[in-house]
Ligand SMILES: [Zn+2]
């Protein structure tokens with residue numbers, strides 16, 4: 001039987017699909033450790049969107065790196081009178097992200113130091129330059145970021161997808177003006193997270209309506225059709241692991257806690273696969 005959350009779904013943006021299987025087969029023969037970098041917008045994106053992928057590859061000996069654009073300073077869902085404010089909430093969420101990263105086996109976490117909700121208004125060249133710096137410094141083989149839909153239209157998610165895509169081109173370009181003191185770097189593969197309609201149903205079931213109101217327009221996730229999804233990664237074992245470790249800690253930020261909350265619904269989805 002297929003299990004809930006068994007697959008992380010991604011779309012390959014560069015080159016042929018099935019890089020992950022290539023990655024698996026190359027692992028034995030390559031002298032250097034392979035590196036995977038996720039470039040995301042907020043604390044919790046690493047867990048909800050790609051936690052299974054990060055945990056799986058870290059557990060298999062691939063070095064994983066995370067670059068997060070903001071500290072999630074506006075992610076307060078409690079009573080507004082108790083909101084600790086941008087700086088204090090950013091510190092809380094940074095600590096939660098660090099704890100999540102430890103569980104996921106992420107080797108290093110870095111921030112681009114933008115404010116939650118303002119990334120799409122940042123100067124594009126400045127953001128791209130920062131990401132180029134990380135790409136050229138870390139030299140990842142594979143990069144994962146949001147898709148151009150931002151999963152459900154979140155402007156920060158869309159912005160980081162655009163900036164990361166641009167940075168990957170810049171990092172490989174001898175004509176780039178950014179970080180010229182660092183050697184050029186070409187990533188082997190760029191992947192966008194591509195939530196299926198089924199996965200968005202689960203999110204909706206667990207978190208309620210994922211809707212953004214931007215410039216008077218309502219945005220929701222629409223889900224990537226199966227024919228657009230190039231790559232599915234079995235991450236079930238790592239959902240289990242994270243679920244256990246996070247039960248008393250930073251559960252708010254770990255996707256695996258979703259599995260028990262949405263169990264009935266998830267089973268129904270599984271039977272369709
Ligand atoms: Zn986010």
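Listing for the model above:
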{"item": "Label-point gap, in nm, between residue 181 and residue 218 - each point 7 angstrom along Cα→Cβ", "result": "5.2 nm"}
{"item": "Residue list for segment 41-65, given a label point 7 angstrom along the Cα-to-Cβ vector of residue 237 and an amide N cut-off under 15 Å", "result": "52-62"}
{"item": "Cβ-based exposure ranking for 193, 212, in which fewest neighbours within 10 Å come first", "result": "212, 193"}
{"item": "Cα-projected label distance for residue 95 with residue 81, points at 7 Å along beta-carbon direction, nm", "result": "2.4 nm"}
{"item": "Length-normalised contact order for segment 59-132 - Cα pairs under 8 Å, 6+ apart - percent", "result": "44 percent"}
{"item": "Ranked list, fewest to most other Cβ atoms within 10 Å of each Cβ, for 154, 185, 137, 213", "result": "213, 137, 185, 154"}
{"item": "Packing-based order for 219-229, 196-206, using average beta carbon neighbours within 10 Å, highest first", "result": "196-206, 219-229"}
{"item": "Ordering of 123-130, 40-47, 60-67 by packing [mean C-beta count within 10 Å, highest first]", "result": "40-47, 60-67, 123-130"}
{"item": "Per-residue Cβ neighbour rank within 10 angstrom, fewest leading, 92, 168", "result": "92, 168"}
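Values in this text are rule-based calculations from the coordinates and carry no lab data. All figures in this text were calculated on a predicted structure; none of them were measured in a lab. All Cβ positions, glycine included, derive from the backbone under ideal geometry; neighbour counts span all protein chains shown.
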